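Colleague: What follows is a structure written as structure tokens; I'll ask about it next.
The values are calculated or read from the model by the stated rules, or taken from the named source; none is laboratory data. It should be emphasised that the depicted structure is a prediction, and the values quoted were computed from it without experimental measurement. Here the Cβ is made from the backbone with ideal geometry for all residues, glycine too, and neighbour counts use every protein chain on show.
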């Protein structure tokens, strides 16, 4: 009997002239928590699809329990115990928890009618196995991301999963929810279920995983016990570069006129009297639990929420943006957390996505000045270091980091002096994350851009901000700066709010 649940040996996969996987091997033991790391485009998604039968490799061998399986298709993979939980969870939002959990079983059995008592019994039993409580009659669309994650895991268990592949499972979770997920993962390990944990977040890799495999450019470049790695070593393996970043600490003149002054800002029922100052060249962070009012505050500053304030000054002028158009005219820009649904036109080109906020400025009579449009986009394309063949590339074809840089470029073209970033590097790999941080720092330090950075990633805030506010129930409840601005202090503050 093989010691491995699944082995992929010398796998190669091509798409046209591109070699997505080049002679890679990976093996996972029963009951093992194994992390797969790599930047976007490294081959992680391709190997997952080979493992789950979606792609057939041109070369190599797949073994399950030591036996070669030949050609593997998705149905065979499921029958052999391989389950993938993708970032969107692939659940039916308009069905209840019980219905989502029972559906696959009933389909495999060829049932044409729902056996409600059995469905509810199945749901209760599998959730008890996970030691979690969820309303089995609630529609899945009403659940938070952590609840949907649990339903997806429970569904995999009902399908008798032996290997659960989790693709970026913590992207939309708070730290508290991550802790709860990790408790479930450890319980699954104790039951003999293997977990392949795919993530960009190195601290989470180090915390949860026993073994690590790193891909870069379609090749396996590192593998071993997690105890043999630290963050710098993982970064070097993923990128081939040293990306150590010194904390952002430029001298900010406290006497300088603020770029933005807000006093006693309120959004009915959500934000309760927030006061904030941003100076040119300053990066101010906001952390807080989900529901703290952070996003509503950002949207209010950008004219997207109905709000009132005792004071609202931009560059010393008493103003108040009542719409997005007014905020843009005042030099305020906002990059939302969900860039895919709120920020970008995925089927349109980089160029069109960048100039959409300055179309009026590019108008020449009845037509757009195509040369000016191309010149402005080309310069920003280079400044933002976007990895794409040209500005004509569709944004939907870009990695998360490049898509985020398109968003930054769009707002910088407006001449913004105040930049609000909500989750600036969510879903972005470590190399792109470092580039985005460098761009933001340079814009602040060299061009005097005032930045408000909202993030769940505490190291991101402590490494890039001059000071950090903690927000809870619509109010700022703590502020950290200087020597007090440490990860431990901020995490302790957040834990006290739960």
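Colleague: Looking at segment 285-297, which of its residues are crowded, with 21+ Cβ neighbours inside 10 Å and over 12 Å from residue 270 (Cα atoms)?
Modeller: Within segment 285-297, 285, 286, 287, 288 qualify.
Colleague: On to the next question. Does residue 144 fit the bill of being at pLDDT below 90 and over 25 Å from residue 47 (Cα atoms)? Walk me through how you get there before you give the answer.
Modeller: On the way: at pLDDT below 90: yes; over 25 Å from residue 47 (Cα atoms): yes.
When the stated conditions are applied, residue 144 passes them.
Colleague: Condition first: modelled with pLDDT under 90 and not in a strand (DSSP E or B). Now tell me which residues in segment 328-347 satisfy that.
Modeller: Residues satisfying the conditions are 336, 337, 338, 339, 340, 341, 342, 343, 344, 345, 346, 347.
Colleague: Return the residue satisfying two criteria in turn: it lies in segment 236-248 and is out of contact with any strand residue (DSSP E or B) (no Cβ under 7 Å at 6 or more places or on another chain) and surrounded by 12 or more Cβ atoms within 10 Å (Cβ to Cβ), and of such residues it is modelled with the highest pLDDT.
Modeller: That would be 236.
Colleague: Right, another one. Just a yes or no: is a residue in segment 159-166 buried (at least 21 other Cβ atoms within 10 Å of the Cβ), without any contact (Cβ under 8 Å) to a residue 60 or more places away in the chain and assigned by TED's automatic domain parsing to the domain that holds residue 127?
Modeller: Residues of segment 159-166 buried (at least 21 other Cβ atoms within 10 Å of the Cβ): 161, 163-166.
Checking the rest, the ones that are also without any contact (Cβ under 8 Å) to a residue 60 or more places away in the chain come to none.
No, every residue in segment 159-166 fails to be buried (at least 21 other Cβ atoms within 10 Å of the Cβ), without any contact (Cβ under 8 Å) to a residue 60 or more places away in the chain and assigned by TED's automatic domain parsing to the domain that holds residue 127.
Colleague: Just to verify a result, which residue in segment 137-154, among those that are crowded, with 20+ Cβ neighbours inside 10 Å and in contact with a strand residue (DSSP E or B) (Cβ under 8 Å, 6 or more places away or on another chain), is farthest from residue 84 (Cα to Cα)?
Modeller: Result: 140.
Colleague: Here is a follow-up. Test residue 329 against the stated conditions and say whether it is without any contact (Cβ under 8 Å) to a residue 60 or more places away in the chain and either surrounded by fewer than 21 Cβ atoms within 10 Å (Cβ to Cβ) or more than 12 Å from residue 420 (Cβ to Cβ) (or both).
Modeller: yes
Colleague: Something else about it: Which number in (1) buried (at least 18 other Cβ atoms within 10 Å of the Cβ); (2) part of a helix (DSSP H, G or I) marks the one condition that residue 36 misses?
Modeller: (2)
Colleague: Sticking with this structure for a sec: So residue 320 clears everything in (1) in contact (Cβ under 8 Å) with a residue 24 or more places away in the chain; (2) touching a strand residue (DSSP E or B) at 6+ places or on another chain (Cβ under 7 Å) except one condition, right? Which one?
Modeller: Unmet for residue 320, out of (1) in contact (Cβ under 8 Å) with a residue 24 or more places away in the chain; (2) touching a strand residue (DSSP E or B) at 6+ places or on another chain (Cβ under 7 Å): (1).
Colleague: Might you check whether a residue that is farther than 29 Å from residue 146 by Cβ, crowded, with 18+ Cβ neighbours inside 10 Å, touching a residue at least 60 places away in the same chain (Cβ under 8 Å) and touching a strand residue (DSSP E or B) at 6+ places or on another chain (Cβ under 6 Å) occurs anywhere in segment 74-87?
Modeller: Scanning segment 74-87 turns up no residue that is farther than 29 Å from residue 146 by Cβ, crowded, with 18+ Cβ neighbours inside 10 Å, touching a residue at least 60 places away in the same chain (Cβ under 8 Å) and touching a strand residue (DSSP E or B) at 6+ places or on another chain (Cβ under 6 Å).
Colleague: Please enumerate the residues belonging to segment 444-462 that are farther than 20 Å from residue 232 by Cβ, buried (at least 19 other Cβ atoms within 10 Å of the Cβ) and modelled with pLDDT under 90.
Modeller: Once the filter is applied, which keeps residues that are farther than 20 Å from residue 232 by Cβ, buried (at least 19 other Cβ atoms within 10 Å of the Cβ) and modelled with pLDDT under 90, segment 444-462 yields only 456.
Colleague: Checking residue 108 against (1) under 29 Å from the mean Cα position of the chain (by Cα); (2) modelled with pLDDT under 90: exactly one of these is not met. Which one?
Modeller: Just one mismatch for residue 108, condition (1).
Colleague: Can we say residue 178 is farther than 30 Å from residue 425 by Cβ, without any contact (Cβ under 8 Å) to a residue 60 or more places away in the chain and outside the structural domain of residue 287 (by TED's automatic domain parsing)?
Modeller: no
Colleague: For residue 496, only one of the following conditions fails: (1) in contact (Cβ under 8 Å) with a residue 12 or more places away in the chain; (2) within 23 Å of residue 170 (Cα to Cα). What is its number?
Modeller: The failed condition is (1).
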